[in-house]
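J.: Before I ask anything, let me first share the structure, which is written out below as structure tokens.
The values are calculated or read from the model by the stated rules, or taken from the named source; none is laboratory data. Here the structure is a predicted model, which is why all the values come from computation and not from measurement. Counting neighbours? That spans all protein chains shown, and the Cβs are built from the backbone with ideal geometry, glycine included.
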Amino acid sequence: MNVLVWLAAILLLLMAWVGGKQGARSFLSLFLNFGVIFLTVMFMMDPAVNPILITFIASILIGCVSLFFINEVNGKTTIAFISTMVTIVILLVFIVIVSQKLMIQGFGEEEEEAISGLSLYIGVDFMKIGASVIIMSTIGAIMDVAISIASSMHEIFKHNPLLSKKELFKSGVSIGRDILGTDTNTLFFAFFGGYLALLIWFKDLNYSIGEIVNSKIFSSEMILILCAGMGVALVIPIASWINAYFLVKTREK
């Protein structure tokens with residue numbers, strides 16, 4: 001426990017030193033977002049509650065904390081928030097459809113021994129829970145891209161306010177292309193780094209490549225990575241268009 005406190009203190013000092021008040025707010029936002037996630041999990045335990053709806057509400061709260069609490073309410077954060085929510089809605093619909101088609105919810109045969117003594121009749125829709133997990137795993141990356149594009153486009157517009165909506169949109173997409181590669185790789189390594197033990201386990205089970213690919217555990221993680229990448233790719237044109245629209249509209253006023 002003492003080590004955790006020291007690590008948290010070091011992180012706070014570093015964030016405050018580098019980011020000032022904004023860095024300190026960023027540190028506090030970690031706990032606020034943890035509280036949102038904790039409450040989300042608590043609500044999801046109620047069979048009467050729709051996990052998809054709860055996830056969307058949680059996404060709104062996380063977006064407010066991560067954008068408005070840290071960076072305050074302004075044009076950049078507002079547009080980034082709108083872009084994030086539009087992307088989340090589109091991604092939610094897509095993920096629900098994909099989850100229904102692929103049937104990746106539930107437990108794999110590798111987990112049978114671990115859950116053999118437990119009751120599976122808990123009244124929870126695992127398909128919707130799976131979709132919620134994907135959204136909660138990608139919202140951070142989506143917000144990161146949205147605020148990066150919004151900040152960059154506002155700076156471009158500030159120095160060249162005569163740009164047309166089309167030119168601004170192209171600039172936003174160009175910025176997004178530079179972000180896309182690094183963000184998708186970040187997601188890839190983050191997920192695979194967390195599940196490195198899973199790959200070692202598959203090796204110990206003497207699984208072939210075909211068995212690994214068709215394993216429910218592996219498939220669900222791959223779908224998580226692919227959907228996260230789609231979310232990052234999707235938010236680029238959405239954020240670029242919304243930013244271009246509002247910036248030109250502001251100039252016309």
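J.: Name the residues in the range 121-141 that are hydroxyl-bearing (Ser, Thr, Tyr), over 21 Å from Thr78 (Cα atoms) and in a helix (DSSP H, G or I), would you?
T.: Within the range 121-141, Ser132, Ser137 meet the criteria.
J.: Also: State yes or no: is Ala16 surrounded by fewer than 17 Cβ atoms within 10 Å (Cβ to Cβ), of a type in the set (Gly, Ala, Ser) and without any contact (Cβ under 8 Å) to a residue 12 or more places away in the chain?
T.: Criteria met by Ala16.
J.: Still on this structure, please answer the following. Under 8 Å between Cβ atoms, at least 6 apart or on separate chains: pull out the pairs that start in the range 155-166 with a residue that is more than 11 Å from Asn243 (Cα to Cα) and end on any residue that is basic (Lys, Arg) and not in a loop (DSSP other than H, G, I, E, B).
T.: Pro161/Arg251
J.: Kindly establish whether Met230 is within 15 Å of Ile134 (Cα to Cα), surrounded by 11 or more Cβ atoms within 10 Å (Cβ to Cβ) and in contact (Cβ under 8 Å) with a residue 12 or more places away in the chain.
T.: yes
J.: Among the listed residues Phe56, Phe69, which satisfies the condition of being within 17 Å of the chain's Cα centre (by Cα) and of a type in the set (Phe, Trp, Tyr)?
T.: On the way: Phe69 fails: within 17 Å of the chain's Cα centre (by Cα).
After ruling out the rest, the residue left standing is Phe56.
J.: Moving to a separate point now. So, in the range 28-49, of the ones that are closer than 23 Å to Phe81 by Cβ and over 18 Å from the mean Cα position of the chain (by Cα), which residue ends up surrounded by the fewest Cβ atoms within 10 Å (Cβ to Cβ)?
T.: Once the filter is applied, the top-ranked residue is Leu28.
J.: Something else about it: Among the residues of the range 204-245, what is the count of those that are in contact with a Gly (Cβ under 7 Å, 6 or more places away or on another chain) and closer than 17 Å to Gly172 by Cβ?
T.: The number of residues fulfilling the criteria is 5.
J.: If you don't mind, there's one more thing I want to ask. From the list Leu61, Leu67, Leu4, pick out the single residue that is over 30 Å from Ala244 (Cα atoms) and assigned to a helix (DSSP H, G or I).
T.: After ruling out the rest, the residue left standing is Leu4.
J.: Has the range 104-113 got at least one residue that is in a helix (DSSP H, G or I) and either at pLDDT 70 or above or of a type in the set (S, T, N, Q) (or both)?
T.: Looking through the range 104-113, none of the residues is in a helix (DSSP H, G or I) and either at pLDDT 70 or above or of a type in the set (S, T, N, Q) (or both).
J.: Restricting attention to the range 70-92, report how many residues are in a helix (DSSP H, G or I) and either among the small types (Gly, Ala, Ser) or closer than 19 Å to Ala24 by Cβ (or both).
T.: Counting residues in the range 70-92 that are in a helix (DSSP H, G or I) and either among the small types (Gly, Ala, Ser) or closer than 19 Å to Ala24 by Cβ (or both) gives 6.
J.: Could you tell me which numbered condition Ser215 fails, if it satisfies all but one of (1) surrounded by 15 or more Cβ atoms within 10 Å (Cβ to Cβ); (2) of a type in the set (Gly, Ala, Ser); (3) under 19 Å from the mean Cα position of the chain (by Cα)?
T.: Condition (3) is where Ser215 drops out.
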